[in-house]
Every structure is written in structure tokens, then in C-alpha cells.
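Have a look at the structure below, then the notes.
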Amino acid sequence: MIRGIRGAITVSADHADEIQEETQRLVLEMAKENNIEPEDVASVIISTTTDISSAFPAKAVRTIKEWNYVPVMCTHEMDVPGSMPLCIRVMMHVNTGVGQKEIHHVYLNEAKKLRPDLSAKSQVSSK
């Protein structure tokens, strides 16, 4: 069965190096928390807030060892007034037998504020 795993992370500024590092950090943490191997991943959709434009986060994923064949695509989030700035969001579609309630969604940095209910679940499970 294919399940979606959500994740989000913020960066401090629109700098290509930081976007690459933090995107890789998020994706690897999502995989680790859910015992996912690249071969299990059907596709990844990455969105960024419109204030991120100096690098493609999808390129960061493709450069992770063994992730180069995973289909990855980038897009921009809706530009809603008052929304969290400098945010990278990931929707990872994975083949898994794990139930929906057992999926560990990962929110890092300021993005923890987006879903404190899911961020707390992930923190408890990783201890």
C-alpha cells in the first residue's frame, strides 16, 4: 500500500547551501523515522514558500546516496498572508505495510509550529 509521509523544515535565509543541507536533513530524518529505504519511495513532492528561490530542493534529494532514481518534483506553496516564511514541505509517497496511525511525520526547526500534534508524536517515538 502507498502511504504519504509529511515533513517540513524551515531555513534561516534563502541560501542555496542551507536549502540543500536542510532538505537532505529532513528527507533522511523522515526515512529514518519510518524505516524507509529509497527503493520503497514511489515519489516525493517538495514545496517551498515563495521566498525560497535560490535552489531546487529536489536536486538536494537526488544527490543523496541511492536516492538518484527516486522521482522528485518541486513546486511553490500558495502565498497566503501570515503563513510561515522560508519553509520547505515534503510529501513522500512510500510503499509500506505500516498503518496510517503508525506513520511518523517529521517537522523540524520552526516548522514544528505547523503541526505540534504530529511533532510531539515524532519526538516521543524517537526516544
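Points worth noting:
- Residues of the stretch 1-41 that are under 9 Å from the mean Cα position of the chain (by Cα) and within 18 Å of Ile103 (Cβ to Cβ): Ile5, Arg6, Gly7, Ala8, Ile9, Leu26, Val27, Leu28, Glu29, Met30.
- When Ala60, Ala13 are checked against the criterion of being surrounded by 17 or more Cβ atoms within 10 Å (Cβ to Cβ) and either in contact with a helix residue (DSSP H, G or I) (Cβ under 9 Å, 6 or more places away or on another chain) or not β-branched (Val, Ile, Thr) (or both), a single residue qualifies: Ala60.
- The stretch 33-59, residues that are under 20 Å from Glu110 (Cα atoms) and assigned to a helix (DSSP H, G or I): Glu33, Pro57
- Any hit, the stretch 9-28, residues being assigned to a strand (DSSP E or B) and touching a residue at least 24 places away in the same chain (Cβ under 8 Å): yes
Values in this text are rule-based calculations from the coordinates and carry no lab data. Nothing here was measured: the structure is a model prediction, and the numbers come from that model. Counting neighbours? That spans all protein chains shown, and the Cβs are built from the backbone with ideal geometry, glycine included.
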